[in-house]
Amino acid sequence: MTRVKQTVSRQAPWAAFGVVMLIANVSCGKMPEAAVEVKLSPAIEIAETTSITGKVTLKGADAAALRKVIDVGGNPFCTGHGDIVDPSWKVAADGSLADAVITVRGSQRASNLANAPVVDQTKCEFVPHTVAIQAGQNVRFHNSDLTFHNIRIARYEAQGKAANIDNFGQPSRGDENVKTFNTPGIYRLECDVHRWMNAWVFVHEGTHSAVTGSDGRFSITRALADGDYVVEAWHPQFSQSITHTVTVRAGKATAEFEFDFANAHPL
């Protein structure tokens, strides 16, 4: 049975679980912040049609050398699923880079949204590793494992600093929490029980965003009027994004981005 909780930026009551005391001792950062009123731009109906497509690649690195198996410390549950590979770098042999977020500046919020995206905790990993949403949208956090997980959410601020804004536990398989992200920005997810687990939620000002797949390709599936747009590519292993000016004609455009491994500087 799935149990769903709506989170409102306060800590969940974990005291009934002995493992929680350990989490409380090892967690770092400040307590979750109080809810802050954020004025969102009006949402309008935006047609679901492909507008900008392209690819993101990484140069200057050997894809095989970037693959690292995580040491889970003999965790009896997590070791039963085979190797857990560090998701920080997902690079194909041809340099195709996964988990890059593509956004269009000045994007409007859409009122015709699909269901809230789901970030699952399964086999001791967050899946997917990166999601992109518009401001004001929900994310559903689910636990598919027969083990205790918690989700600590930190928002990145200036100079690379991060502020913990929420932290809630999911002690049982099927547990869910729904979180609303009103403030645009970059959010990191961590599990304090299994410290190697991490993921990202990129909250864009509007609906025009996409995340690259394993082939490095992306597709922004919302309509754009003809004109010039600043399109940005972000990846958590780079502190600086890449921007291009793209011209949309007849509702379509393409964009290619290349990150240089020499400039890698993880958030």
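Determine, yes or no, whether Gly251 is of a type outside the set (S, T, N, Q), farther than 24 Å from Ile70 by Cα and over 21 Å from the mean Cα position of the chain (by Cα).
Here the answer is yes, as Gly251 does meet what is asked.
Looking only at region 90-111, which residues are of a type outside the set (Asp, Glu) and part of a loop (DSSP other than H, G, I, E, B)?
Passing the criteria: Lys90, Ala92, Ala93, Gly95, Ala98, Ala100, Arg105, Gly106, Ser107, Gln108, Ser111.
Quick check, is Pro87 within 30 Å of Asn164 (Cβ to Cβ), at pLDDT 95 or above, of a type outside the set (Ser, Thr, Tyr) and not in a helix (DSSP H, G or I)?
When the stated conditions are applied, Pro87 passes them.
Here is a list: Phe218, Phe181, Phe238, Phe168. Which entry is aromatic (Phe, Trp, Tyr) and closer than 27 Å to Cys78 by Cα?
Result of the check over Phe218, Phe181, Phe238, Phe168: Phe168.
Cβ-Cβ below 9 Å, separation at least six or inter-chain, first residue in region 35-49 and surrounded by 10 or more Cβ atoms within 10 Å (Cβ to Cβ), second at pLDDT 95 or above and among the acidic types (Asp, Glu): which pairs?
Ser41/Glu205
Within region 211-263, can you find the residues that are without any contact (Cβ under 8 Å) to a residue 60 or more places away in the chain and buried (at least 16 other Cβ atoms within 10 Å of the Cβ)?
Within region 211-263, Phe238, Ile242 meet the criteria.
Quick test for you: out of Ala132, Ala64, Ala114, pick the one residue that is under 25 Å from Gly216 (Cα atoms), assigned to a helix (DSSP H, G or I) and either modelled with pLDDT of 95 or more or out of contact with any Lys or Arg (no Cβ under 9 Å at 6 or more places or on another chain) (or both).
Values: Ala132 fails: assigned to a helix (DSSP H, G or I); Ala114 fails: assigned to a helix (DSSP H, G or I).
Answer to the check: Ala64.
The values are calculated or read from the model by the stated rules, or taken from the named source; none is laboratory data. Just so it is clear, the structure is predicted and the values come from calculations on it, not from any experiment. In this analysis, Cβ positions are derived from the backbone assuming ideal geometry, glycine residues included, and neighbour counts consider all displayed protein chains.
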